[in-house]
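Reading through the structure tokens given below for one structure.
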Amino acid sequence: MTRKVIPIVPEEGYGPLLPEDSQGVMVSLYASHEKIYPRSVSGLFSNWRWATVFLTQLVFYGVPWLEWGQRQAVLFDLGTRRFYIFGLLLYPQDFIYLAGLLVISALSLFLFTAVAGRLWCGYACPQTVYTEIFLWIEKKVEGDRSARMRRDAQPWSFEKVTRKGAKHFLWLAVSLWTGFTFVGYFTPIKELGIEFLQLSMSSWEVFWTFFYGFATYGNAGFMREQVCKHMCPYARFQSAMFDKDTLVVTYDSERGEPRGARSRKADPVALNLGACVDCTLCVQVCPTGIDIRKGLQYECIGCGACADVCDTVMDKMGYARGLVKYTTENAMSQHWTKSQTWRHVLRPRVLVYTAILVAVVLAMLVSLTLRAPFKVDVVRDRGVMARIVSGGNIENVYRLQVMNATESLQRYKIAAMGLPGLQVKSENVVLVESTQSRWVTVRVQLPFDAATPGSHAIQFEIDSLDSSGHLTEKSVFLVPR
């Protein structure tokens, strides 16, 4: 804890400081962090959260083991600069699709936030997902919330060391398996497994496995809500995407106050009490340790755990559910029905986000569908200038990189267009192996008097003889003076 000594300065009109006053006052600038022990909860939102955990981890851990033909289905091979996504082969020249994916992700985040707040944080964020997994392991090894709190308050014993050690062993196992899986997206995971068993993994593979593994171990095992509160930038700018028609987890203070404990048979009206029994379970289940009854706070990740546990309490007390629920600020203040609330949720802002998102997704799908199954880059050979060859023709030399984006041998025919009499005098049919690229030297000749001196625009026409692909690449032909 950081402390600062602030000297006491007497106000005008008062006498000098006494010796005991001149020492100053010790003021604490920071409060020490108190560990949060989230209570287990079950309910609709908890079930949705666990369904998301299973789905995301099934995809993350399972996809690298899928095969597509004779290769890994999803592999980002940085060494050969080829990215395999099932039947799709992408090259660095296809960077536009990565940009499109980032645009789709950003628009999706804007849309989901405008509709229902921090859905990503509460259900699908890796920090939330792995924290849920680590908390589940902690509960299975150390017991429920009260048992963990009691054990942490007790002195060290053999039983405490055993349970803590087993928990951290399982945490490390999950973390390192996560790091291994992450690297398996960039190195064929079966080869990586063999290298691991033979202790022959490269230094970079070892580094990223342990880096990603220990990041998971630290973030989900120790930092937990601190990442959401202090490291994640989303909590800081979420207010820019919220408005009074955004669905957020809300406490109905009009119905719940004044809060107070009572028996199940007591009449809250006679006791002048609201529906809230002040059990504080909503605080105990919160993964970030906030009290939702104090209103919406930036630490809230919208997981709905407080709504689940409050509904359970309301059921036991025989009260109506929904004291804590997903609703909007306008719906609370104006007492709207569910249909009225949803009509205002689907407001112009949301419809615009949806329309733009659908348009971008459709454009990406159409572009991928119409995408040529090969790529060509044209580079002028700087070592060979325009020259006059036998027969009086003018010759320019180019280098073409032909990239086969299919998984079969392909033949490509090269032709030059744009000037009268322009012809390819070198080999004009190129064979390229599956998923490979090949540099080809192409000599293009033009009759001596077919064009004036200077630079002239031309095009290379490349056709696939084994598929329906066709590409046109621009270049220039130089005619010497």
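The values are calculated or read from the model by the stated rules, or taken from the named source; none is laboratory data. Computed from a predicted structure; not experimentally measured. Here the Cβ is made from the backbone with ideal geometry for all residues, glycine too, and neighbour counts use every protein chain on show.
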- [ ] With a cut-off of at least 1 residues that are under 30 Å from residue 252 (Cα atoms) and among the basic types (Lys, Arg), name the helices (runs of 4 or more DSSP H) lying wholly within region 325-433.
- [x] 338-345, 348-370
TODO: For residues that are charged (D, E, K, R) and within 29 Å of residue 414 (Cα to Cα), scanning just region 340-378, find the one that is nearest to the chain's Cα centre (by Cα).
DONE: 371
Task: Answer residue from region 437-458, given it is in a strand (DSSP E or B) and surrounded by fewer than 16 Cβ atoms within 10 Å (Cβ to Cβ) and is nearest to the chain's Cα centre (by Cα) among those - done: 438
- [ ] May I ask you to list the residues in region 260-286 that are polar (S, T, N, Q) and without any contact (Cβ under 8 Å) to a residue 24 or more places away in the chain?
- [x] 263, 272, 280
Open item on the list: Condition check: of a type in the set (Val, Ile, Thr) and touching a residue at least 12 places away in the same chain (Cβ under 8 Å). Does residue 352 satisfy that?
Closed with: no
Open item on the list: Consider region 362-386. How many of its residues are of a type outside the set (D, E, K, R), surrounded by 13 or more Cβ atoms within 10 Å (Cβ to Cβ) and under 30 Å from residue 481 (Cβ atoms)?
Closed with: 3
Open item on the list: Out of the helices (runs of 4 or more DSSP H) lying entirely within region 216-294, which hold 2 or more residues that are closer than 29 Å to residue 313 by Cα and assigned by TED's automatic domain parsing to the domain that holds residue 336?
Closed with: 253-256, 281-284
TODO: Could you grab me the full set of residues in region 198-238 that are at pLDDT below 90 and farther than 12 Å from residue 131 by Cα?
DONE: 229, 230, 231, 232, 233, 234, 235, 236, 237, 238
Open item on the list: It is to be established whether one or more residues within region 146-160 are surrounded by fewer than 17 Cβ atoms within 10 Å (Cβ to Cβ) and under 30 Å from residue 248 (Cα atoms).
Closed with: yes
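Scan region 247-259 and tell me whether some residue there is exposed (fewer than 14 other Cβ atoms within 10 Å of the Cβ) and either touching a residue at least 60 places away in the same chain (Cβ under 8 Å) or among the aromatic types (Phe, Trp, Tyr) (or both).
Looking for residues that are exposed (fewer than 14 other Cβ atoms within 10 Å of the Cβ) and either touching a residue at least 60 places away in the same chain (Cβ under 8 Å) or among the aromatic types (Phe, Trp, Tyr) (or both), one finds at least one in region 247-259, hence yes.
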Open item on the list: Residues to consider are 355, 359, 331, 320; find the one that is assigned by TED's automatic domain parsing to the domain that holds residue 80, loosely packed, with under 14 Cβ neighbours inside 10 Å and closer than 30 Å to residue 280 by Cα.
Closed with: 320
Open item on the list: Against the conditions (1) at pLDDT 95 or above; (2) in a loop (DSSP other than H, G, I, E, B), where does residue 301 fall short? Just the number, please.
Closed with: (1)
TODO: For region 423-436, indicate whether the set of residues that are on the phi > 0 side of the Ramachandran plot, over 34 Å from the mean Cα position of the chain (by Cα) and either exposed (fewer than 14 other Cβ atoms within 10 Å of the Cβ) or not assigned by TED's automatic domain parsing to the domain that holds residue 468 (or both) is non-empty.
DONE: no
- [ ] Return the only residue of 62, 15, 69 being at pLDDT below 90 and either closer than 23 Å to residue 188 by Cα or among the hydrophobic types (A, V, I, L, M, F, W, C) (or both).
- [x] 69
Task: Checking residue 314 against (1) within 17 Å of residue 255 (Cβ to Cβ); (2) touching an Asp or Glu at 6+ places or on another chain (Cβ under 8 Å); (3) of a type in the set (A, V, I, L, M, F, W, C), the condition it does not meet - done: (2)
